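I have placed the structure first, in the form of C-alpha cells, so that the comments after it can refer back to it.
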Amino acid sequence: MVLSAILVALLATMGQWWFFGPVTKCLFYPLTTGTLVGLFMGDPMTGMLAGANIQLIYLGWISAGGTMPS
C-alpha cells in the first residue's frame with residue numbers, strides 16, 4: 001500500500017514538473033492518468049473506467065481548436 005502511494009505521488013509530480021512537460025504531455029489527460037493509477041493500485045480496469053468518465057467531462061471543458069465549448 002505504501003508503494004502504491006509513492007508511485008501515485010511520483011506520477012502526480014512528474015505530470016506537473018515543467019522540465020518533463022514535453023515528455024509527459026500525455027500525463028495531463030485523465031484517461032492516461034486513471035489507467036496508470038489503477039495499474040499502481042492493482043486494478044487497472046477500474047482506473048481506466050474512472051479515467052474515461054472524467055475524460056468525458058474534460059473533453060467538454062477544454063476549448064479544442066480555439067473554439068469555446070457550448
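Quick notes
- Of the set (1) at pLDDT below 80; (2) surrounded by 11 or more Cβ atoms within 10 Å (Cβ to Cβ); (3) touching a Pro at 6+ places or on another chain (Cβ under 7 Å); (4) of a type in the set (Gly, Ala, Ser), all apply to GLY51 but (1).
- Within segment 13-39, if we keep just the residues that are part of a helix (DSSP H, G or I) and open to solvent by 60 Å² or more (accessible area, probe 1.4 Å), the residue that is modelled with the highest pLDDT turns out to be LEU39.
The values are calculated or read from the model by the stated rules, or taken from the named source; none is laboratory data. No experiment lies behind these values; they were computed from the predicted model shown. Neighbour counts are summed over all protein chains in view; Cβ atoms, including those assigned to glycine, are modelled from backbone coordinates with ideal geometry. For the accessible areas, the whole protein counts, side chains as well, though only heavy atoms, and no ligand, DNA or RNA atoms are used. Shrake-Rupley method; radii C 1.70, N 1.55, O 1.52, S 1.80 Å.
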